[in-house]
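J.: The structure's right below; bear with me while I get my questions together.
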Amino acid sequence: IHDLVKKGAETRFSEEWLKEVTSPVALAVWYLDDGSLSKQASCKYQKVYGHNIQISLGDSTLEEMAMVRAWLEREWGIRVRSGHYEYPRQGRSSPKRESVIRIHNTADVDAFLEIVRPTALKAGMDYKVTRDYTYTTSQ
C-alpha cells in the first residue's frame, strides 16, 4: 500500500490504493497513522460539546481529496469534508500546506469510530477513539 501512495516525497491517492483499503483493519491502520480525534469546545467555556476526526492526506490535490471523500461515503457510509490547512513551520517564513479530510457530523463520527475502535484498542491507541467530555469554565 505504501508503494501505491508514495511517489518520491509526495503522497498521491488513487482508486488503485483505495481498492486496497477494504477491511476495517486497513481503514483503522490508516486512521491511526494519519488521523486524530479532536474536541470541539464552545466559545464561552472550555466545554466540550462534540468531537471531529481529521485525517491527513499529505499534499493531495483537490481531485484526490474529492475521490477520497466519495470513496468514504460510498464504501463506508461516512460523510466527510475536505480542504487545505496551513500552519506555520518553525524557522521558515512560508507555512506548510496540508490536505485533510474532516468528519464533523456526530452520526458520522460515531459510525467511523465504531469501525476503527476494535483495532485501535488492540493497538493500545484508545486515545484515538475515546471521547472525553471534560468541562471547565477557565480559558
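The values are calculated or read from the model by the stated rules, or taken from the named source; none is laboratory data. Here the structure is a predicted model, which means the values were calculated and not measured. Methodologically, a virtual Cβ is constructed for each residue, glycine included, from the backbone with ideal geometry; neighbour enumeration extends over all protein chains shown. Just so you know, the surface numbers come from the protein's heavy atoms only, side chains and all, with ligands and any DNA or RNA stripped out. Shrake-Rupley method; radii C 1.70, N 1.55, O 1.52, S 1.80 Å.
J.: Given a 1.4 angstrom probe, I'd like the percentage of the accessible area of the chain that is carbon and sulfur, rounded to a whole number.
T.: 50
J.: Could you order Tyr31, Tyr87, Tyr127 by accessible surface area, starting with the largest, using a probe radius of 1.4 Å?
T.: Reading off the accessible areas and sorting them downward yields Tyr127, Tyr87, Tyr31.
J.: Please compute the net charge surrounding Ile115, taking Lys and Arg as +1 and Asp and Glu as -1 over other residues with Cβ under 12 Å from its Cβ.
T.: Counting the neighbours of Ile115, the net charge comes to -3.
J.: Given labels modelled 7 Å from the Cα in the Cβ direction, how far is it in nm from Thr130 to Glu75?
T.: Here the answer is 3.0 nm between the modelled labels.
J.: What distance in nm lies between label points placed 7 Å from Cα along the C-beta direction at Lys96 and Ala66?
T.: Distance between label points: 2.8 nm.
J.: Given Cα positions, please report Rg to Rh for the chain, the hydrodynamic radius being the Kirkwood one.
T.: 0.99
J.: Send over a whole-number figure in Å² for the accessible area per residue of the chain, probe 1.4 Å.
T.: For the chain, the solvent-accessible area averages 61 Å² per residue.
J.: Treat each spin label as a single point 7 Å out from the Cα along the C-beta direction, and report the Arg12 to Ala111 distance in nm.
T.: 3.1
J.: Give me the net charge for the shell around Ile101: Cβ to Cβ below 13 angstrom, other residues only, Lys and Arg +1, Asp and Glu -1.
T.: -1
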